[in-house]
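First comes the structure, then the notes that go with it.
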Amino acid sequence: MLKVLVADDESLARQTLKLLLSKIPYVQEVYEAEDGNQALVLAHEHHPNIVILDIEMPGISGIELAKHLPKKCIVIFATAYNEFAVEAFDLNAIDYILKPFDDDRFFTAFERAAERHKDEESQNIHALNDTIRQIMQNKQVEYRQRLVIRDPGRIRLIDVDQINYITGAGNYAEVHLADNKQVLHRETLSELESQLDPFVFVRIHRSSIVRRSFIVELRPNDKGDYSVILRSGESLTLSRRNRSKLDELIL
């Protein structure tokens with residue numbers, strides 16, 4: 001659906017353009033301005049997709065106005081003076097219709113503008129998808145997928161997907177796994193916290209990090225903290241210092 005701004009100092013011209021636009025089913029909103037100054041305000045307030053501009057208007061001329069429109073506005077110039085055509089196209093106008101124009105000429109110009117908008121939207125979607133893919137790739141590189149556990153005489157590799165929660169004790173961390181086993185890892189909780197995906201794990205206490213999906217219940221305590229009940233039936237504490245993370249836990 002498109003938003004269109006019509007700017008023309010002649011009331012009859014505005015009414016004619018609005019009537020033509022009413023016949024286009026994918027036009028959602030039409031704003032009208034009777035001079036360049038009003039058009040500039042409306043353009044920055046509503047961010048129309050397509051702007052139909054008369055060139056000779058009181059206040060800011062259509063040529064000057066086109067230079068100050070939001071970047072994504074697609075411009076069609078409509079005027080009785082064809083000597084402005086070259087300058088209009090220098091401003092990247094999609095089309096230039098000379099008054100008096102017939103309906104077919106108007107619809108041809110508008111269709112070109114609508115196609116340009118569609119192409120730009122498609123490019124924006126592709127760019128957004130590329131950004132999302134890049135974020136996901138960076139995320140996979142940034143966060144640990146495995147922990148390296150060094151035991152006497154052997155090195156163990158633990159998939160992060162197998163971790164339910166982690167508790168800390170000084171420079172060590174006790175890693176609690178999905179098979180109900182625990183392994184001791186020589187890293188602090190703060191070091192581990194920075195290496196684990198925050199969308200998957202959350203620090204709820206100075207001595208515990210827990211997988212979000214492993215939490216099943218929160219119970220408020222008298223001291224202002226919370227008991228965090230896990231799928232295993234075990235209970236950890238959400239400290240008052242970390243109460244701001246309560247909303248994160250229930251999302």
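So is ASP54 acidic (Asp, Glu) and in contact with a Lys or Arg (Cβ under 8 Å, 6 or more places away or on another chain) or not? Taking the combined requirement at face value, the residue does not satisfy it.
Looking across region 152-168, the residues that are surrounded by 10 or more Cβ atoms within 10 Å (Cβ to Cβ) and in contact with a strand residue (DSSP E or B) (Cβ under 9 Å, 6 or more places away or on another chain) come down to ARG156, ILE158, ASP159, VAL160, GLN162, ILE163, ASN164, TYR165, ILE166, THR167, GLY168. I'd like the residue in region 178-231 that is assigned to a helix (DSSP H, G or I) and of a type in the set (Asp, Glu) and, out of all such residues, is surrounded by the most Cβ atoms within 10 Å (Cβ to Cβ). For region 178-231, the residue satisfying everything is GLU193.
Residues of region 42-96 that are closer than 20 Å to THR16 by Cα, part of a loop (DSSP other than H, G, I, E, B) and at pLDDT 80 or above: PRO48, ASN49, ASP54, ILE55, GLU56, MET57, PRO58.
Looking across region 191-235, the residues that are more than 17 Å from THR167 (Cα to Cα) and more than 29 Å from the chain's Cα centre (by Cα) come down to VAL216, GLU217, LEU218, ARG219, PRO220, ASN221, ASP222, LYS223, GLY224, ASP225. Here ILE63 meets the list (1) closer than 21 Å to ARG112 by Cα; (2) among the β-branched types (Val, Ile, Thr); (3) surrounded by fewer than 17 Cβ atoms within 10 Å (Cβ to Cβ) almost entirely, failing just condition (3). Can you tell me which residues in region 4-37 are surrounded by fewer than 13 Cβ atoms within 10 Å (Cβ to Cβ) and hydroxyl-bearing (Ser, Thr, Tyr)? SER11, SER22, TYR26, listed by residue number.
The values are calculated or read from the model by the stated rules, or taken from the named source; none is laboratory data. In this text the structure is predicted, and so the values were computed from the model without any measurement. Note that each Cβ is placed from the backbone with ideal geometry, even for glycine, and that neighbours are counted across all protein chains shown.
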